[in-house]
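Read-outs throughout are calculated quantities, based only on the coordinates presented, and are distinct from any laboratory measurement. This structure is a prediction, so every number in the text was calculated from the model and none was measured. Because the Cβ atoms are built from the backbone with ideal geometry, glycine has one as well, and the counts that use them run over all protein chains shown.
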Amino acid sequence: MELNAQDIMKVLPHRYPFLLVDRIVELEVGTRAVGIKNVTINEPFFQGHFPDHPIMPGVLILEALAQVGGVTAALAEKDVDDKVTYFVGIDKARFRKPVTPGDVLRLEMDIKYCKRGIYCFEGKAYVEDKLVAQAELKATFAPREES
């Protein structure tokens, strides 16, 4: 199963400039997802993050990984429209190589387990075939509070 940006926006609440996934190229609901992020010099974060030597911030690579994981988890979750997703943990994060304009990030997320409503993902980000970042991410879905 593949999803384009419009399909992703039906699943995730993120919008520009915080939607960091351009498409999902592999999807096994509740198990695994692989997303693509095209990194361009037009990204708003490059204006302030080392403008003379643009590097994608590591925290945004982790956010992009989380969004890919969020797609597969949200599609597996019941009544997701009445819930909001929260990050609850980042472990074992490692940044191996800088990501620069022109790179295409391949974001691979596997659900390791889901216990008591906490999803644990293992994520890896690649440029070409080179590992650029990896982390273990945890997230949960909570009821949306009425305002």
Please get the size of the charge dipole for the range 90-147, origin at its Cα centre, with Cβ charges of +1 on Lys and Arg and -1 on Asp and Glu, quoted in debye to the nearest 20. 240
Convex hull over the Cα atoms of the range 96-147, averaged projected area in nm²? 5.6
Using Cα pairs under 8 angstrom and six or more residues apart, how large is the relative contact order of the chain, in percent? 25
When the expected Rg is taken as 2.2 N^0.38 Å, what fraction or multiple of it is the alpha-carbon Rg of the range 5-143? 1.01
When the Karplus curve 6.51 cos²θ - 1.76 cosθ + 1.60 is applied with θ = phi - 60°, which whole-Hz ³J(HN,Hα) does each residue of the range 118-127 get, with x for Gly and Pro? 9, 8, 10, 10, 10, x, 9, 10, 10, 10
Return the subset of Lys83/Lys115; Lys37/Lys124; Lys37/Lys83; Lys92/Lys115; Lys37/Lys115; Lys10/Lys115 for which the Cα-Cα distance in this structure is over 23 Å, preserving the input order. Lys37/Lys83; Lys37/Lys115; Lys10/Lys115
Any chance you could give the angle, 0 to 90 degrees and rounded to 10, that helix 58-76 forms with the longest Cα principal axis of the chain? 30
Environment charge of Glu108, counting only residues whose C-beta is closer than 9 Å and scoring Lys/Arg +1, Asp/Glu -1: 0
